[in-house]
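The values are calculated or read from the model by the stated rules, or taken from the named source; none is laboratory data. Everything numeric in this text was worked out from a predicted model, so none of it was measured. Ideal geometry is used to build each Cβ from the backbone, glycine not excepted, and the neighbour counts take in all protein chains shown.
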Amino acid sequence: MAAKYEDGSRIAVGDLILYGSKPGKVVFAIEDGLFAAGFRKEDWDYRRKGIGLQLENGEMFCLDDADEDLLLIQRSLPDSK
């Protein structure tokens, strides 16, 4: 099952987000098998599900599921994946 925001919309690689008050973007969606440039599936396939977030300050982490702190700011553009 694909990862979804709290409002039920699908999370996509390249989406611009706020996590808490920190801006960033979605860099991979494991269940969809999609990874942004610079993020290899082989580095994350030990996880069965989740999304990767990279914040503007460089912080990188993975969430199993979206939570109330994850807010979509702008949908990804087709060429931003």
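Anything in the range 16-37 that is without any contact (Cβ under 8 Å) to a residue 12 or more places away in the chain and within 18 Å of residue 4 (Cα to Cα)? List them, or say none. 33 - this is the single residue of the range 16-37 that is without any contact (Cβ under 8 Å) to a residue 12 or more places away in the chain and within 18 Å of residue 4 (Cα to Cα).
Taking the listed residues 72, 77, the one that is touching a Gly at 6+ places or on another chain (Cβ under 8 Å) and touching a residue at least 60 places away in the same chain (Cβ under 8 Å) is 77, with no other qualifying. If you go through the range 38-61 and keep only what is part of a loop (DSSP other than H, G, I, E, B), more than 19 Å from residue 2 (Cα to Cα) and touching a residue at least 24 places away in the same chain (Cβ under 8 Å), you end up with 56, 57, 59.
Residues that are farther than 14 Å from residue 71 by Cβ, over 9 Å from the mean Cα position of the chain (by Cα) and not small (Gly, Ala, Ser) within the range 1-29 comprise 1, 10, listed in sequence order. Residues that are assigned to a loop (DSSP other than H, G, I, E, B), in contact with a helix residue (DSSP H, G or I) (Cβ under 7 Å, 6 or more places away or on another chain) and at pLDDT below 95 within the range 1-32 comprise 1, 2, 3, listed in sequence order.
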